[in-house]
Amino acid sequence: MAQDEFPGWHGTTIIGVRKGGQVVIAGDGQVSLGQTVIKGTARKVRRLSPGGYDIVAGFAGSTADAFALLERLEAKLEQTPGQLQRAAVELAKDWRTDKYLQKLEAMLIVSDGRDLFVITGAGDVLEPEHDVTAIGSGGNYALAAGRAMMDRDLPAEEIARRAMAIAADICVYTNGNLTVETIEA
C-alpha cells in the first residue's frame with residue numbers, strides 16, 4: 001500500500017520495547033490535519049482488559065479506524081482468552097478479507113507482556129526481531145533510536161522515552177507529550 005493511499009500514516013509515532021521482563025508501549029500526543037496541529041494531548045496508547053486479560057495497545061493512523069480495530073481485537077480476545085497471538089491473527093485475517101475492514105487506515109502495536117506484535121491491514125502480524133518495533137510517521141526514527149539503545153543498561157521504559165524524544169526532534173508529526181503503558185511478562 002503506497003503512503004499516498006494511506007493518509008492516516010502521517011501523524012503519530014508509537015514504539016514498543018520488550019526488555020527485562022517488561023513491555024513498554026509509548027505514543028506521542030500530536031494529532032495533525034495536514035500541516036496543522038489540531039491537538040497535542042491525544043492518548044494513542046491504551047490498556048484493554050477483555051475478560052480480565054491485560055493487553056496494551058498503541059495505534060497509528062485514523063483514530064476512528066483504530067478504535068474500530070481495538071473493539072474487534074477485544075472481541076477476538078474474549079473469544080480466545082489469554083491467546084494474544086491467535087486473536088491478532090484472527091483480526092488480521094478479518095481485516096484483510098472483510099470489505100468494511102479493508103478500508104480502515106490504521107496500524108496497531110499490541111502486547112500482553114510476553115508477546116509483542118504489529119498488526120497491519122495487509123494481513124500481517126509481525127513480531128520484532130530485536131524486541132523493538134515502531135509505527136507511524138516517526139516510527140523509523142524511534143525504531144532506529146530504540147534499537148541503538150537496546151544493548152545499554154537501560155530499562156524498557158527509558159529506552160522508549162529516549163527513542164520517542166529523538167523521533168519528536170526529527171518528525172514534525174510527532175510531539176514529546178507521551179502516553180506510556182508498561183505491562184509485565
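Summary of values
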{"read-out": "Cα-centre dipole for the chain with unit charges at Cβ (Lys and Arg positive, Asp and Glu negative), debye to 20", "value": "220"}
{"read-out": "Among Gly82, Leu126, Gly34 the positive-end extreme of the charge dipole of the chain (Cβ point charges)", "value": "Gly34"}
{"read-out": "Cα-Cα over 22 Å, subset of Lys19/Lys76; Lys44/Lys103; Lys44/Lys76", "value": "Lys19/Lys76"}
{"read-out": "Of Gln102, Gln85, Gln30, the one that fluctuates the most in a GNM where the chain has Cα springs shorter than 10 Å", "value": "Gln102"}
{"read-out": "Three-way shape call for segment 139-185 based on the alpha-carbon gyration tensor, with the a/c threshold at 1.5", "value": "oblate"}
{"read-out": "Normalised per residue, the volume of the convex hull around the Cα set of segment 1-102 (Å³)", "value": "121"}
{"read-out": "Chain lengthening between Glu184 and Thr36 when straightened (0.36 nm per residue, less Cα-Cα)", "value": "49.6 nm"}
{"read-out": "Theoretical gain in end-to-end length, Arg43 to Ala75 [0.36 nm per residue, Cα-Cα removed]", "value": "9.4 nm"}
{"read-out": "Virtual spin-label span in nm between Asn140 and Asn177, 7 Å along Cα→Cβ", "value": "2.7"}
{"read-out": "Exposure proxy ranking, count of Cβ atoms within 10 Å, fewest first, for Met150, Met107", "value": "Met150, Met107"}
{"read-out": "nm² value of the averaged projected area, convex hull over the Cα atoms of the chain", "value": "9.5"}
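We did not get these values from a lab; they are worked out from the coordinates using the rules stated. From a predicted model like this one, the values you see are computed outputs, not experimental measurements. Neighbour counts run over all protein chains shown; Cβ positions are idealised from the backbone, glycine included.
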